[in-house]
1. Can you name every residue in the range 74-86 that is open to solvent by 50 Å² or more (accessible area, probe 1.4 Å) and touching a residue at least 24 places away in the same chain (Cβ under 8 Å)?
2. Within the range 88-107, identify whether any single residue is surrounded by 15 or more Cβ atoms within 10 Å (Cβ to Cβ), over 30 Å from residue 160 (Cβ atoms) and of a type outside the set (Asp, Glu), and answer yes or no.
3. Of the residues that make up the range 17-31, is at least one within 11 Å of the chain's Cα centre (by Cα), open to solvent by less than 40 Å² (accessible area, probe 1.4 Å), at pLDDT 95 or above and within 25 Å of residue 168 (Cβ to Cβ)?
4. Going by the structure shown, is residue 54 open to solvent by less than 80 Å² (accessible area, probe 1.4 Å) and within 30 Å of residue 141 (Cα to Cα)?
5. Let me confirm something: among 66, 43, which residue is surrounded by 15 or more Cβ atoms within 10 Å (Cβ to Cβ) and either closer than 16 Å to residue 95 by Cα or among the hydrophobic types (A, V, I, L, M, F, W, C) (or both)?
6. Hey, residue 36 hits all of (1) near ligand 1 (Cβ under 10 Å from one of its atoms); (2) open to solvent by 80 Å² or more (accessible area, probe 1.4 Å); (3) at pLDDT 95 or above but one; which does it fall short on?
7. Give the range 156-184 a look and list any residue that's within 16 Å of ligand 1 (Cβ to nearest atom) and touching a residue at least 24 places away in the same chain (Cβ under 8 Å), or say none.
8. Would you confirm, using the coordinates I've provided, whether residue 49 is farther than 17 Å from residue 148 by Cβ, part of a helix (DSSP H, G or I) and within 16 Å of ligand 1 (Cβ to nearest atom)?
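The values are calculated or read from the model by the stated rules, or taken from the named source; none is laboratory data. Note that the structure is a prediction, hence the values are computed from the model and not measured. Glycine gets a Cβ as well: all are built from the backbone with ideal geometry, and neighbour counts include every protein chain shown. We work out accessible area using only protein heavy atoms, side chains counted, and drop any ligands, DNA or RNA first. Shrake-Rupley method; radii C 1.70, N 1.55, O 1.52, S 1.80 Å.
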Amino acid sequence: MMTGTGPIHYTGVAKTLHWLIALVIITMLIFGQGFETSEGDDLAFSLTGHSSLGLTVIGLIILRILWRIGHPPPALPETVAGVQLLAAKLSHLLLYALMIYVPVTGLYTAAAHEMPVMAYGAFDLRVTLSFFGADDFEGRRFLHELGTWLLISLLAVHVSAAFLHQFVQKDDVLRRMLPGKAKG
Ligand code: HEM
Ligand code: HEM
């Protein structure tokens, strides 16, 4: 049963952006792990891929936040109340915060890289971002990496919560974000 009379699923645009951004971010989290062992041409190639996907995801995240401001999410089922409702809201807010923090610290790290960071193979981000200065690469990378680990931890909670709702509480929360309309 749903509260209120509003729609019981996210808009098509919100769903498309959610899954597209999830796909790009998870890909970046996985391939980012290869940075530590990479060098030379391999590292240059990875930096091009990582920064190009990163700039693309920044655009998608901005679109998503703007869309979200104009389109509040559908009311959650009545089964999600009290502490659980607070936890859902807080974790979504934190996910949005990390979707800003991680790419911004990525740009900050790229500005101080010893190698060219050729976004889309077209321009060196270090030049574009020279206003960030170029000191303390390691410190900057630590800030970026810290964000990625916080994101991974929160994603583990987020995905577990989605499956718990769907298969244990059986309140169709996962279907709100899947193609088509959830059953009311
Ligand atoms: C949500 C988006 C992003 C995710 C999930 C992500 C993920 C990662 C991960 C997992 C690492 C490896 C950390 C380590 O072990 O040292 C990394 C490193 C890095 N990222 Fe990102 N990143 C994102 C956005 C960006 C953006 C937008 C840029 C800049 C254009 C960027 C630039 C870098 C750089 C320069 C490094 C260090 C590379 C090196 O060690 O040589 N990242 N990122
Ligand atoms: C990088 C990956 C992901 C990020 C950054 C992310 C982020 C978010 C955010 C911020 C929301 C809240 C939307 C809003 O109310 O505006 C949300 C909702 C949701 N996400 Fe994700 N998500 C990711 C991956 C996933 C995955 C893999 C699943 C499925 C297992 C999932 C399932 C859901 C569901 C079911 C909702 C709707 C919750 C509700 O009904 O309120 N997400 N996600």
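1. 78, 79
2. Scanning the range 88-107, I find at least one residue that is surrounded by 15 or more Cβ atoms within 10 Å (Cβ to Cβ), over 30 Å from residue 160 (Cβ atoms) and of a type outside the set (Asp, Glu), so the answer is yes.
3. Looking through the range 17-31, at least one residue is within 11 Å of the chain's Cα centre (by Cα), open to solvent by less than 40 Å² (accessible area, probe 1.4 Å), at pLDDT 95 or above and within 25 Å of residue 168 (Cβ to Cβ).
4. yes
5. Matching residue, one of 66, 43: 43.
6. Just one mismatch for residue 36, condition (3).
7. Selection gives 158 alone.
8. The answer is no for residue 49.
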